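One structure is given here, and the rest of the page talks about it.
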Amino acid sequence: MSNSTTIFENSWSVYQLLIEENYMHHAELRSLLDSSFKNFATKLEALRILDLGCGDGEPICSLLKPYNISSYIGLDLAQPALNIAAERFAFIGNGLHLYNANMESFEQYLDEPVNIIYSSFAIHHLQDEAKYALWTKIYNNLENEGRFIMIDVARENKASRSQYLSDYIDNCINTWNKLSKEGLDLINDHISNFDFPATQTFIKESLEEIGFTLIKHEHPDQFHHFWEWTK
């Protein structure tokens, strides 16, 4: 087994525990996603979906089964996760396209605009300038009246990145009780090195400046957020 595969499997098992225990409010966020699909996707003849940082395909995979999926394009840097996603999305058939690629490169994998662009806990890994550039590409490749749905972490407006990290790690230590020390260490290392959440104001003002209109913004706690935007 390669080192990269071992790292993925260790991280994936920890992440599954976070989902099972609802530490990151996946249940509430999944419910919001389901509601958005029911309000929007049912009006479309077929869905053309772009998923940025698709991982293993959940939670969106199980929510898509009632709909006619013309195409689902998913990008992720973790090939083991894409292998799992390929099995989960097999019901889509020839419309399924998964790429081991950086989400910022998505334009080369599209041949027409899509009507839903979705990203869950991925965009916060980018610096703010790169976030803005990605959101601009998203806007340019979304159909008019299409939906951009983003689930992610965000900072309180007055909180620095260092304060956010301190607060988030304290929350993990105090409330994620079923996580082992090794699991906490893995999460601490990950967010300290790879998490660059924007402030809520930066997100809202940037997306509105690009041209998006906000439909919904909800957050079950101070860290984890759900946004639905339209073009």
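Scan region 43-87 for residues that are surrounded by fewer than 20 Cβ atoms within 10 Å (Cβ to Cβ) and hydroxyl-bearing (Ser, Thr, Tyr) and jot them down.
Of everything in region 43-87, those that are surrounded by fewer than 20 Cβ atoms within 10 Å (Cβ to Cβ) and hydroxyl-bearing (Ser, Thr, Tyr) turn out to be 62, 67, 70, 71.
Out of the residues in region 195-229 that are surrounded by 15 or more Cβ atoms within 10 Å (Cβ to Cβ) and β-branched (Val, Ile, Thr), state the one that is nearest to residue 171 (Cα to Cα).
Once the filter is applied, the top-ranked residue is 199.
Within the bounds of region 139-156, is there any residue that is under 18 Å from residue 53 (Cα atoms), outside any strand (DSSP E or B) and either in contact with a Leu (Cβ under 9 Å, 6 or more places away or on another chain) or of a type in the set (Lys, Arg) (or both)?
yes
Looking only at region 126-156, count every residue that is crowded, with 17+ Cβ neighbours inside 10 Å, within 17 Å of residue 208 (Cβ to Cβ) and of a type in the set (Val, Ile, Thr) and tell me the total.
2
Would region 78-87 turn up any residue that is over 18 Å from residue 142 (Cβ atoms) and acidic (Asp, Glu)?
Checking region 78-87: at least one residue is over 18 Å from residue 142 (Cβ atoms) and acidic (Asp, Glu).
Would you confirm, using the coordinates I've provided, whether residue 193 is of a type in the set (S, T, N, Q), part of a strand (DSSP E or B), more than 23 Å from residue 31 (Cα to Cα) and out of contact with any Asp or Glu (no Cβ under 6 Å at 6 or more places or on another chain)?
Judged against the criteria, residue 193 is not a match.
Can you spot a residue in region 100-110 that is of a type in the set (Ser, Thr, Tyr) and at pLDDT below 95?
Within region 100-110 (the criterion being of a type in the set (Ser, Thr, Tyr) and at pLDDT below 95), the answer is no, since none of the residues qualifies.
Can you pull out the residues in region 111-138 that are in a helix (DSSP H, G or I) and either of a type in the set (Gly, Ala, Ser) or over 24 Å from residue 224 (Cα atoms) (or both)?
Passing the criteria: 130, 133.
Consider residue 109 carefully, then state whether it is over 18 Å from residue 215 (Cβ atoms), loosely packed, with under 15 Cβ neighbours inside 10 Å and in contact with a strand residue (DSSP E or B) (Cβ under 6 Å, 6 or more places away or on another chain).
Taking the combined requirement at face value, the residue satisfies it.
The rows are residues; the columns are (1) at pLDDT 95 or above; (2) part of a loop (DSSP other than H, G, I, E, B); (3) within 17 Å of the chain's Cα centre (by Cα).
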| residue | (1), (2), (3) |
| --- | --- |
| 162 | yes, no, no |
| 169 | yes, no, no |
| 172 | yes, no, no |
| 179 | no, yes, no |
| 185 | no, no, no |
| 205 | yes, no, no |
| 214 | yes, no, no |
| 229 | yes, no, yes |
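Quick check on this structure: which one of 136, 42 is of a type outside the set (A, V, I, L, M), out of contact with any strand residue (DSSP E or B) (no Cβ under 8 Å at 6 or more places or on another chain) and modelled with pLDDT under 95?
Just a single option satisfies the conditions, and that option is 42.
Residue under question is residue 116, and the condition is that it be surrounded by 15 or more Cβ atoms within 10 Å (Cβ to Cβ), within 26 Å of residue 12 (Cβ to Cβ), of a type in the set (A, V, I, L, M) and more than 16 Å from the chain's Cα centre (by Cα); does it hold?
Criteria not met by residue 116.
Would you confirm whether or not region 4-16 contains a residue that is at pLDDT 95 or above and in contact with a Ser or Thr (Cβ under 9 Å, 6 or more places away or on another chain)? Steps first, answer last, please.
From region 4-16, those at pLDDT 95 or above are none; that's our starting set.
Scanning region 4-16, I find no residue that is at pLDDT 95 or above and in contact with a Ser or Thr (Cβ under 9 Å, 6 or more places away or on another chain), so the answer is no.
The values are calculated or read from the model by the stated rules, or taken from the named source; none is laboratory data. Predicted model, so just to flag it, every value in this text is computed and none were measured. When we count neighbours, we look across all protein chains shown, and the Cβ atoms used for this are built from the backbone with ideal geometry, even at glycine.
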